[in-house]
Amino acid sequence: MEKEIGSMLKSKKLFLLDIDGTVALGEQLLPGAESFLRSVKRKGGELRYLTNNSSKGVKDYLEQFHRWGVPAEEEEFVTAGTYAIEFLKKRYSTQKILAVASDSYCKELRNAGLLITDHAGEDVGCLLTAYDTELTYGKLTQACHQLSCWPVPWYGTNPDIRCPVDFGMVPDCGSICRMIGAAVDREPKYIGKPEPEMVYFCMEQTGCTREETVIIGDRIYTDMECGKRAGVDACLVLTGEGKAEEWKGSFRCSSLGAMAEYL
């Protein structure tokens, strides 16, 4: 299967990369990832980091990549969090939004002009749940209060159950939503991967076609499923959550570092 990756990559101009479990684990850049990223740029390709991690703002990611010594531009980061901002601006630009989210992401939401609150109320237009690495029981209580007393639309930035870190896995947005959902007997509408809109946004932004695009990630139910729904090639890397025996798709590789040799 890995032998087929070389011919597939030769036709690609737009590389959509997951971050957690694909490019890095926690604060550590994965071995060989930098080589792959530089190889893409040397061949004239476009990079977009298509991550469901909404615990960080784009500027946080940019600073992290620069600390790693990896060249990156702000426009290259398309997170479930940033896409959620565009989604909410179209629908709730003048209404309060109750957000279960990190301080960094709430700041990004407010900087975009959205009216973010941390208290439930009848004047709230919707509830947004993100990957909140600063989660408290008080935040969970406010979300349950909102959905129980004023049942507004509920959105989750991403359905990921767990997030790869350097020692294993930690609960992600999907797990937080399951806790809330178990209490109020509801489920959210998810905005990020595997929904294909972020892929379409990147193709429009770069002018690349489906045939010129590949999505690379470590999760089958988000990254690989996103590629399927968007109609683009998808390649599983085995540095995060996904296992080789679980993936029935066309392409997989042990890591980005191993893929670098094909470029």
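Shape class for region 1-54, computed from the alpha carbon gyration tensor (a ≥ b ≥ c): prolate, with a/c not under 1.5 and a/b above b/c. For region 122-263, the convex hull drawn through the C-alpha positions has a volume of 142 cubic angstrom per residue. Other residues lying with their Cβ under 9 Å from the Cβ of Leu50 contribute a combined charge of 0, Lys and Arg counting +1, Asp and Glu -1.
If both residues of a DSSP beta bridge must be in the chain, then about 15% of such bridges are antiparallel.
Of all stretches in the chain that contain no GluC sites (Glu not before Pro) in a DSSP loop with at most 11 other Cβ atoms within 10 Å, the longest one is 123-263.
Charged side chains reduced to their Cβ positions (Lys and Arg at +1, Asp and Glu at -1) give region 1-156 a dipole of some 600 debye around its Cα centre.
Only Lys, Arg, Asp and Glu carry charge here, each on its Cβ (+1 for the first two, -1 for the last two); on that basis the chain has a dipole of about 440 debye about its Cα centre. Could you tell me the distance between the Cα centroids of region 26-63 and region 143-186, to the nearest Å? When both Cα centres are located, 26 Å separates them.
What's the long-distance tail for the chain, i.e. % of Cα pairs beyond 25 Å? Here the tail beyond 25 Å accounts for 42 percent of pairs. The angle between the Cα long axis of helix 173-184 and the main principal axis of the chain comes to about 30°, on a 0 to 90 degree scale.
The Cα trace of region 1-143 gives Rg and Dmax of 18.0, 58 Å, the first to one decimal, the second as a whole number. What region 133-247 shows is 45 Å² of accessible area per residue, with the surface traced by a 1.4 Å probe over protein heavy atoms. Label separation (Lys248 vs Asp118): 4.6 nm, computed from points 7 Å beyond Cα along the C-beta direction. Over 20 Å between Cα atoms, which of Lys56/Lys139; Lys43/Lys243; Lys10/Lys43; Lys193/Lys228; Lys13/Lys59; Lys107/Lys193 qualify? Correct reply: Lys43/Lys243; Lys13/Lys59; Lys107/Lys193. With Cα atoms defining each centre, region 90-132 and region 189-263 are spaced 29 Å apart in the structure. Helix 137-149 axis versus longest C-alpha principal axis of the chain: approximately 70°, rounded to the nearest ten. Extension gain for Thr209-Met169 works out to 11.0 nm (0.36 nm per residue, less the C-alpha to C-alpha distance).
A Förster radius of 30 Å, combined with the Cβ-Cβ distance separating Arg38 from Tyr200, puts the computed FRET efficiency at roughly 0.65.
The values are calculated or read from the model by the stated rules, or taken from the named source; none is laboratory data. Remember, predicted model here, so these are calculated numbers, not experimental data. Cβ coordinates were reconstructed from backbone atoms using ideal geometry, including for glycine residues, and neighbour counts include every protein chain displayed. Ligands, DNA and RNA are excluded from the accessible area calculation, which covers all protein heavy atoms including side chains. Shrake-Rupley method; radii C 1.70, N 1.55, O 1.52, S 1.80 Å.
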